[in-house]
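**Student:** Take a look at the following structure, please.
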Amino acid sequence: MNVILIEEQAYELMKHRFNLFTERITQMRREKERIEKWLTSEDVCRLLSVSKRTLQNIRASGSLSYSMIGHKVYYKAFDVEQYIKKCTNNTENGRKKE
């Protein structure tokens with residue numbers, strides 16, 4: 001077994017870079033989880049404060065993408081966030097909300 005000696009300053013720099021690397025990996029994993037999270041219709045209705053019928057109209061207009069498994073509808077959390085931002089921007093700019 002070989003023993004390698006390094007200066008304390010080099011060790012601290014290496015430790016600091018490793019900590020930055022692990023923080024970045026953790027941040028990327030959280031972002032991936034946020035983007036890939038799926039919501040039910042009930043979740044989306046609560047987030048948007050709309051009825052199931054209104055959510056169905058939003059879906060039918062193509063404004064919000066979805067996936068259907070059996071008779072259950074799911075929405076990507078990221079897509080819902082984008083829809084909310086779009087609607088918020090439309091309202092702030094004086095245009096009619098979808």
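The values are calculated or read from the model by the stated rules, or taken from the named source; none is laboratory data. Computed from a prediction, not measured in an experiment: that's the story for all the values here. No Cβ is skipped: glycine too gets one built from the backbone with ideal geometry, and neighbour counts run over all protein chains shown. Keep in mind that these areas ignore ligands, DNA and RNA; they rest on the heavy atoms of the full protein, side chains included. Shrake-Rupley method; radii C 1.70, N 1.55, O 1.52, S 1.80 Å.
**Student:** Report, ordered by the first and then the second residue, all pairs with beta carbons closer than 6 Å, sequence separation of six or more or different chains, a first member in segment 68-84 that is farther than 15 Å from residue 34 by Cα, and a second member that is part of a helix (DSSP H, G or I) and at pLDDT 90 or above.
**Tutor:** That search, which allows pairs on different chains as well, returns 73/41.
**Student:** Output the residues belonging to segment 36-50 that are more than 11 Å from residue 80 (Cβ to Cβ) and under 10 Å from the mean Cα position of the chain (by Cα).
**Tutor:** 36
**Student:** Go through segment 75-90 and give me each residue that's open to solvent by 30 Å² or more (accessible area, probe 1.4 Å) and in contact with a helix residue (DSSP H, G or I) (Cβ under 8 Å, 6 or more places away or on another chain).
**Tutor:** Result: 76, 78, 84.
**Student:** Among the residues of segment 51-62 satisfying the criterion of being under 15 Å from residue 79 (Cβ atoms) and surrounded by 13 or more Cβ atoms within 10 Å (Cβ to Cβ), which is modelled with the lowest pLDDT? Lay out the reasoning, then the answer.
**Tutor:** If we filter segment 51-62 for residues that are under 15 Å from residue 79 (Cβ atoms), which is where we start, we get 55, 58-59, 61-62.
Now restrict to residues that are surrounded by 13 or more Cβ atoms within 10 Å (Cβ to Cβ): 55, 58-59.
Numbers: 55: 96, 58: 96, 59: 93.
So, considering only residues that are under 15 Å from residue 79 (Cβ atoms) and surrounded by 13 or more Cβ atoms within 10 Å (Cβ to Cβ), the one modelled with the lowest pLDDT is 59.
**Student:** Just one of (1) open to solvent by 70 Å² or more (accessible area, probe 1.4 Å); (2) more than 15 Å from residue 80 (Cβ to Cβ); (3) among the small types (Gly, Ala, Ser) trips up residue 10, so point out which.
**Tutor:** (1)
**Student:** Another question, if that's okay. Starting from residues that are touching a helix residue (DSSP H, G or I) at 6+ places or on another chain (Cβ under 7 Å) and among the aliphatic types (A, V, I, L, M), keep the ones in segment 1-44 and report whichever is modelled with the lowest pLDDT.
**Tutor:** 35
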